Amino acid sequence: MRRPDLTTKHIPIADLLFDTNTQIREKTKVKVVRAYKQAMREYAPDGDVVVGFPPIKVAETQAKGARKVYTIIDGWHRATAAYHLGKRLIEAELVQVSSREDLLWQASQANLLHGEKLTVKEKRGAFRNYLKALQHRHPGPKGGRANGKIKSARQMALDLGGIDHKTILRWLKADAPRTYAQLMKSRGEEDDVGFVDEASDYLWDPDAHHRQEVIALLQQAKNSARMVMGEPALSAIANELSSLQREISKRLPKESTTDF
C-alpha cells in the first residue's frame with residue numbers, strides 16, 4: 001500500500017537525467033531491462049504512459065532559465081526500459097535532497113536496500129558515497145553532521161545494509177585514514193568536535209561534471225550520426241541539435257552567445 005504522504009507525479013521521460021554517478025552498479029543489467037520492457041508491453045501495449053510499476057524516485061533540479069531535469073535516484077532499469085520502448089510519461093516520487101553528496105548517498109542506499117545483489121566493488125562505491133554525505137557521523141549539536149560524533153563500525157554496517165563491520169573498518173582505514181584514527185582514539189570518549197574528515201575534503205563542481213558528460217555524449221552522437229544516410233533521419237537529428245542550440249543560447253548572456 002502506498003504511503004499517504006508520498007508525493008508522486010507523472011514526468012516526461014525526455015526530462016530524466018541518467019547520471020551515471022548515481023548508479024553504483026557497474027553496468028545496466030540487460031536481462032532486467034528486457035524483463036521490464038516485456039512487462040510494460042503487456043500492461044499497456046499501445047499506451048505512452050508506464051503503468052503497473054511502482055514509482056521511480058527522482059531529485060528535481062533546475063538551473064536558472066532551464067527546463068526542469070529529474071535525476072534518477074532509484075528506478076534506473078525501469079526508466080531505461082521505458083525510454084527504449086518510447087514511452088512518454090512515468091510516475092515518479094519527488095525526493096528532496098540537500099546536496100549533491102546527499103543525492104549520491106540516497107541513490108546508493110536505494111541500491112543497497114533492494115534489487116539484485118551488489119558486487120564488492122559496488123558496495124565499496126556505496127560506502128564512499130556514505131562517507132561523502134557524512135552519514136558516518138551522528139547529527140551534531142546544531143543538527144549538521146560535520147561536527148557530530150563518529151558512529152561505531154557496527155552502526156555504519158547497519159546503515160549500509162548489513163555489510164560486515166570488520167569490512168567497514170578496513171575500508172574506513174583505506175579511504176579515510178584520519179577518520180579511522182579518530183574513531184580508534186575516541187572510543188569511549190564523547191568529544192571529537194573539530195576533527196576534519198577526508199570526506200568533507202571532496203569538492204564537487206557540478207558544472208564541470210555535466211560539461212564533461214555533455215561533451216562526451218555529443219562526441220558519441222557525432223560518431224553515430226556519421227553512420228546515418230537517410231534524409232528523414234538526418235533531418236530529425238538536425239532538429240534536435242537546433243532545439244539544443246536554442247535552449248543553450250537563451251541561457252547565455254547576449255555578449256557570450258556563440259554561433260554553433
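The values are calculated or read from the model by the stated rules, or taken from the named source; none is laboratory data. Since the structure is predicted, the reported quantities are computational estimates derived from the model, not experimental observations. Note that we place each Cβ from the backbone using ideal geometry, even for glycine, and neighbour counts take in every protein chain shown. Accessible surface areas use protein heavy atoms only, side chains included; no ligands, DNA or RNA. Shrake-Rupley method; radii C 1.70, N 1.55, O 1.52, S 1.80 Å.
What residue among Lys29, Lys222, Lys149 has the largest mean-square fluctuation in a Gaussian network model of the chain, using Cα springs under 10 Å?
Comparing Lys29, Lys222, Lys149 in the GNM, the peak value goes to Lys222.
Along Cα→Cβ, 7 Å out, is where each label goes; now give me the distance between the ones at Ala216 and Ala44 in nm to one decimal.
With each label placed 7 Å out from Cα toward Cβ, I get 3.2 nm.
For segment 84-183, what does the equivalent ellipsoid look like in terms of its semi-axes, each the square root of 5 times an eigenvalue of the Cα gyration tensor, given largest first in whole Å?
28, 18, 10
How far, in nm, would the chain grow between Leu252 and Val51 when pulled straight, counting 0.36 nm per residue and subtracting the alpha carbon separation?
So the chain would gain 68.5 nm between Leu252 and Val51.
Expressed in whole Å with the largest first, what are the equivalent ellipsoid semi-axes of segment 1-96 derived from the C-alpha gyration tensor as the square root of 5 times each eigenvalue?
On the way: eigenvalues 85, 54, 38 Å².
Over the Cα atoms of segment 1-96, the ellipsoid semi-axes are 21, 16, 14 Å.
At 1.4 Å probe size, put Asp46, Asp175, Asp164 in order of accessible surface, largest to smallest.
Descending order: Asp46, Asp164, Asp175.
Rounded to two decimals, what ratio of Rg to Rh does the chain give with C-alpha atoms and a Kirkwood Rh?
That ratio is 1.03, to two decimals.
Probe radius 1.4 Å, ligands and nucleic acids left out: which of Arg67, Arg41, Arg25 has the largest accessible area, and how do the rest follow? Walk me through the numbers on the way to the answer.
On the way: Arg67 145, Arg41 105, Arg25 20 Å².
Accessible-area ranking of Arg67, Arg41, Arg25, largest first: Arg67, Arg41, Arg25.
Using a 1.4 Å probe, how large is the accessible area of Ile215, given in Å² and rounded to the nearest 10?
Spelled out: Ile215, probe radius 1.4 Å, area about 100 Å².
Mind giving me the FRET efficiency for Asn223 and Lys173? R0 is 35 Å, r the Cβ-Cβ distance, nearest 0.05 is fine.
On the way: r = 43 Å, r/R0 = 1.24.
So, using R0 = 35 Å, E works out to roughly 0.20.
How large is the accessible surface per residue of the chain, computed with a 1.4 Å probe and reported in Å² as a whole number?
Result: 63 Å² per residue.
In the chain, with Lys and Arg counted as +1 and Asp and Glu as -1 at Cβ, which of these residues, Val58, His136, Ile168, has the Cα nearest the positive end of the dipole, that is, farthest along it?
Value computed over the given set: Ile168.
Only Cα pairs within less than 10 Å get springs; with that Gaussian network setup on the chain, which residue of Glu91, Glu247, Glu101 has the largest fluctuation?
Evaluated over the chain, the most mobile residue of the options is Glu247.
At R0 = 22 Å, how high is the FRET efficiency between Ala238 and Asp15 if r is their beta carbon distance? Nearest 0.05 is fine. Display every interim value, and only then the final one.
Values: r = 22 Å, r/R0 = 0.98.
For R0 = 22 Å, the calculated efficiency reads 0.55.
Do the alpha carbons of any pairs in Lys29/Lys222; Lys9/Lys57; Lys37/Lys123; Lys151/Lys173 sit beyond 18 Å of each other, and which pairs?
Result: Lys29/Lys222; Lys37/Lys123 exceed 18 Å.
Given the options Leu85, Leu218, Leu169, state which has the largest fluctuation in a GNM of the chain using a 10 Å cut-off (strictly under) for Cα springs.
Looking only at Leu85, Leu218, Leu169, the biggest GNM fluctuation is shown by Leu218.
If I compute solvent accessible area with a 1.4 Å probe over the protein chains, what percent of it on segment 1-94 is carbon and sulfur?
Values: 2810 of 5500 Å².
Of the solvent-accessible surface of segment 1-94, carbon and sulfur hold 51 percent.
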